[in-house]
Structure formats: C-alpha cells, structure tokens
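The values are calculated or read from the model by the stated rules, or taken from the named source; none is laboratory data. No experiment lies behind these values; they were computed from the predicted model shown. Methodologically, a virtual Cβ is constructed for each residue, glycine included, from the backbone with ideal geometry; neighbour enumeration extends over all protein chains shown.
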Amino acid sequence: MNDTTAPNGGMHNLGTILKRLEAVTSRLEDAAIHGSLGSAGGAQTGRSPAMSTHESVGGAAAGGAAAASAPPPAASEEPAAPHVQAYQELISGPLKEFTSKSEALGGVVAQHAALLPPLLQAQLDFLSLASKHAKPATKDLPALLGPQGQAISAIVEAKDKLGRGKEGREWGACLSTVGEGVSAWGWVQVEPAPAPFIGEMKNASQFWADRVTKQFKETKPEAIAWAKSFTALIDALQAYVKQHHTTGVTWNPRGPPAPSSVPASSSAPAAAPSTAPSAPAAKSTPSGGPSGLLASLNQGGAVTSGLRKVDPSQMTHKNPELRTSSAVPAADEKKAAPVVKPKPAFGAAAAKKPAKTELEGGNRWSVEYHEDNRDIQITDTAISHVVHIFQCRNSTIRITGKVNAVTMVNCKKVALVLDSAVSALSITSSPSFEVQITGTVPTIQVDNTDGGQLYLSKEGMGGVEIITSKTSAINISTPEGEDGDLVERPVPEQMKTVVRGGKLVTEIVEHKG
C-alpha cells in the first residue's frame, strides 16, 4: 500500500514543483523581455532563443494582450496610379534588359547606357507627382521638368565626349543610337499627340541601330542584340504613352496644386552598371538652364485637364461682388487658360542647341541644328568620310568631292547638292527636301518622308537604284535629249496586289492623263 502511494504522491509533488518552476521562469523571462524593450526605447524585439516550448505556446495570450495595448500600425500609403505602375514596369522590364546587355558589352557603351536609368527615374518621379496634383501653370512647368532636361543633356553630351577616343570611334554607332533616340523621352513636352513624336525620334535612332547591325553582324552578335533592346525600349515607351497619355501627361484634376519642384524619389532607381559612372544628381533649374530642352510646352486639347471644379458660390457671373476680390483669377489669367496652342514647331527643342559643321573622329562630318543657313559648305572631303545631316531646317548644304555616304535625318526644307557618294544617300523623316546629284550615287533611299525632289545627272542615271517606303509626293527629274532638259516624273505611290496561284503579286498602278 505504501509502495503504491509513495510513487503517486511523489509524482504529484514533482508535477506541482514543475508547474511552479515554469510559472517563475515565465515571469522571469517576461521581465527580461520587458527590460530589453525598455532599454531599446520601446522597439519591438524577438523572443529569446532560450525560451521553452511552454512559454512559446502558453505565452500567446500574453503576446495578444501586449499587441492589443500597442498603438495601431500606420495606414499604408495610397497605391500608385495605374500609369505610374505601368511606367515602373517599363523600368523593371525593357530598361533592365537594355542595361543588362549594355553591361555585357562594357566600355564606353556601358558608360553611356548608365546615364539612361537616372533619366527614366526622373521621369517616373515627375509622372508620380502629376498623378497626385493638378496641372500647374505653364510658367511653373520648366522647374518640374528640369531634372529630365538635365538627364537628357547629359546623355547627348556624353555621346560626343565618349566618341572622341579610339574606343569611341569603334562604338560610335552605338553611342549615336542612344544619343539620337534619347530625345524620345521629351514626349512630356508634347501635346496633344506625344506618341507620334516618339515615333519620329525612334526613326533617328533606328538609322544608327541599323548601322550597328551592319557593322557587327559578322563579329559581335551581342551588339546586334543590344541595338534591338534599345529599339524595344523606345517601342515600349511609345506603347505606354499611347495607352496612358494619349493627349499629353496625365494630371490629377482633383488633386492639390503641384509643388515647385519634384520631390526626391523614395523608390529605388533602376540598376545601372556598377563599373560605369552614374549621372549627376538632377536639380530643378529655371527655364534658362538645361531644362530648356523640355521647356517649350504647349497646352493642346488637354488644356483644361488640370482645372478643378468651381462651386457656384465662387462663380463671378453669379456673384458680382467677387470680381473685386483676390479670391478669383485675374481677368487676363482667366482668358489665357483656354487658349489652344499648336504643337511645338518642327525641331523646336533641338533648335536651342548651337548649330555645328564639324569633322568628328577623323571620318564623320556632323551637320546639325542649322536653321535658315543657305551657305553650308563641306569641301575638305575624302572617300572614307560619312556626312550625317540632322535636325536642320530651311538650309542649303553643298558637299564637294566624293564621300562614302550621306544621311539626312529629321530635317525640313533642306536643299542638298552632292557631287558623288561611294555607297548610298539616305533620307529619313525629312519632308520637303531637294537633292541635286552632279556625279554618281549607286543607291538612294527615302523613308517616311512626304514631299521631295531628286535631280539626277546624265552620269548618275546609269545603274542608280532608288528605294522608297512610306513616302508621298516624291518626284525624280532626269536629263533628256541633246540639250539635257530635265523631265520630272513622280514616284508611284499606289500599289495593286492580287492573288495568283496562291501567291501575292504586287503591281504598280500608274495614272496617265
């Protein structure tokens, strides 16, 4: 009997002792935890790893009570607008792909490409601000656009600086691909149709991307993939603008007035190549600084998008006494608001840059940003020289001697007199051009251009090949007869396609009077 009772009594006493020990241990651990919380200034910390399983489970109730007494968590930030989220996807997708391929190429290509992520981050910050605020007055926009203007200027300037050395000359087509295409990010200044503007800038970049493909198709396939990734980035930007900013930057008409500058971004910018220098921090500047690149703003059809709804009690025509109060806009401001301004003149942004006619890298003539200049002469030429004419307007250019090739991109009303070229003459997005060839050019290519005149010499008529696409009103004049009188003929614009034997057969439709 005693043998049976003693063990039971011992087990009972032992269970009681264990419960007391656990209770004491629990209180000691709670005191230790509260002491560490107090010493950390009230910061939350995890439980000690030495806590027993009993404390971890049994202390749940105590933990719940502590949580109940703690202050409620701060409300989460308002989610970003859909168009802001879409731009973030542009950065994490096409931009990341481009920077990755740039890092793979390394050298001056990676250094130049490293300047692009800060530009997209600055644009993201601007679009995020626009999604929360009403559209400011036109005079206040240059300060908001300043960081983007500085970033674009840095990329354009870096193209010229990086292209001066031996490595820069080897990769000059890559530098020009980005340097000419970066203007596409100036769409924020264009209303009411920014997407077509991006398309024009893509055409300028595409010319150099094609040069990259031609130069490295046998030696560096990774360079070709790089060029395609930059073109894909501009395509993605154009698709984004078409969907989210059809008539211009989307502002929030119900938001508060926009601040005077873009706040610093709290989100991490897109990754730039670790081995390449990053762009300097952008600062807002007055309209006379680098932001001038994006300062030529217009209002277009979206002029009223930033206006807030006015209560009837604030309407001056219903409350004449308000007319003498400063609580309503002045009469001049009220009249100025609904004025619909035309889109910026062709090349308005580029016209702010100084004109130049320079031989760069020993074999590349750059003729850029001339306006109303009827006496541009290039006489010191060689058969290895390439002449690149960009963003010129109402000007006349004379190229003496035989050069390798000539390109004309994004020009308007430019007259060109060319002696001879070894390979080709290429004209892209340059309406109302006139070209006279006094010698020979084997290939003439005209793309995306409306209105143009080609004058060929007798010598140049033999075997010349003229290729046109997306053109209209292109005429070719050739000398006829003994006197060499010029006869003008239009380039056919209308095609007829029929199905014959399961194949498409395309024929030119000629209209004869």
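A few comments on the model shown:
- Residues in segment 429-440 include at least one that is touching a residue at least 40 places away in the same chain (Cβ under 8 Å), in the same structural domain as VAL491 (by TED's automatic domain parsing) and out of contact with any Phe, Trp or Tyr (no Cβ under 6 Å at 6 or more places or on another chain).
- Hits in segment 171-186 (condition: among the hydrophobic types (A, V, I, L, M, F, W, C) and within 10 Å of the chain's Cα centre (by Cα)): VAL182, ALA184, TRP185
- Restricting PHE207, PHE230 to residues that are at pLDDT below 90, among the hydrophobic types (A, V, I, L, M, F, W, C) and not in a loop (DSSP other than H, G, I, E, B) narrows the list to PHE207.
- Any hit, segment 367-381, residues being crowded, with 18+ Cβ neighbours inside 10 Å, under 18 Å from ASP210 (Cα atoms), under 34 Å from the mean Cα position of the chain (by Cα) and not β-branched (Val, Ile, Thr): no
- Qualifying residue in segment 174-192 (condition: in contact (Cβ under 8 Å) with a residue 24 or more places away in the chain, among the acidic types (Asp, Glu), in a loop (DSSP other than H, G, I, E, B) and crowded, with 23+ Cβ neighbours inside 10 Å): yes
- In segment 464-493, the residues that are part of a strand (DSSP E or B), more than 18 Å from ALA405 (Cα to Cα), in contact (Cβ under 8 Å) with a residue 12 or more places away in the chain and not polar (S, T, N, Q): LYS470, ALA473, ILE474, ILE476, PRO479, LEU486, GLU488, ARG489, PRO490
- Residue in segment 394-416 that is crowded, with 19+ Cβ neighbours inside 10 Å, over 29 Å from ARG169 (Cβ atoms) and either touching a Lys or Arg at 6+ places or on another chain (Cβ under 8 Å) or not acidic (Asp, Glu) (or both) present: yes
- Check on GLU480, exposed (fewer than 13 other Cβ atoms within 10 Å of the Cβ) and within 27 Å of ILE383 (Cα to Cα): no
- Residue pairs whose Cβ atoms lie under 9 Å apart, sitting 6 or more positions apart in sequence or on different chains, and linking a residue in segment 150-166 that is under 13 Å from VAL109 (Cα atoms) to a partner that is part of a helix (DSSP H, G or I) and among the polar types (S, T, N, Q), are ALA158/GLN111; LYS159/SER176; LEU162/GLN111; GLY163/SER176.
- With a requirement of 2 or more residues that are not aliphatic (A, V, I, L, M), the strands (runs of 3 or more DSSP E) lying completely within segment 366-463 that satisfy it span 386-390, 393-409, 412-428, 433-437, 443-455.
- Selected residue [in contact (Cβ under 8 Å) with a residue 60 or more places away in the chain and farther than 23 Å from GLU358 by Cα] from ARG254, ARG169: ARG254
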